Amino acid sequence: MQIYELAALLGMPVYKILDEMPYEEFQGWFKYLSVRPDGWKEDLRTYQIMSSFAPMKKGPEDIFGTVKAVFESEKAKQPKAIEGALPAGQMMSKLLRARGGDDDFDFSILDFSK
């Protein structure tokens, strides 16, 4: 991205950005726009419209670079899997298949009146 693109997005002349914007903010805008490129929402909407007419063989991130940048930044935010942990969904499926776990428990020994 060039400074002229940033100026157009912000609706500011280039000289004003160079004269008035602190360098940290300037860098922040470029970092933000690298993970949230301008037009990514429009590209995603276009993909959704295209897929409503016919099944798509590729995902939106394969067609639009802007959507790919957003998806990759979101994926990087996801917590890493814990080593040795069950893959997602396996624990719940084991719980649902369990048989007779609480059948032998005497609930009458619990005092719920307190």
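Worth pointing out:
- Set Lys57/Lys94; Lys68/Lys94; Lys16/Lys68; Lys31/Lys80; Lys31/Lys68; Lys41/Lys75 screened for pairs whose C-alpha atoms are more than 27 Å apart: Lys57/Lys94; Lys68/Lys94; Lys16/Lys68
- Using only alpha-carbon positions in segment 1-68, the gyration tensor eigenvalues give semi-axes of 33, 11, 7 Å once each is multiplied by 5 and square-rooted (largest first).
Taken together, the values in this text are just the output of simple stated rules run on the coordinates, not laboratory data. Here the structure is a predicted model, which means the values were calculated and not measured.
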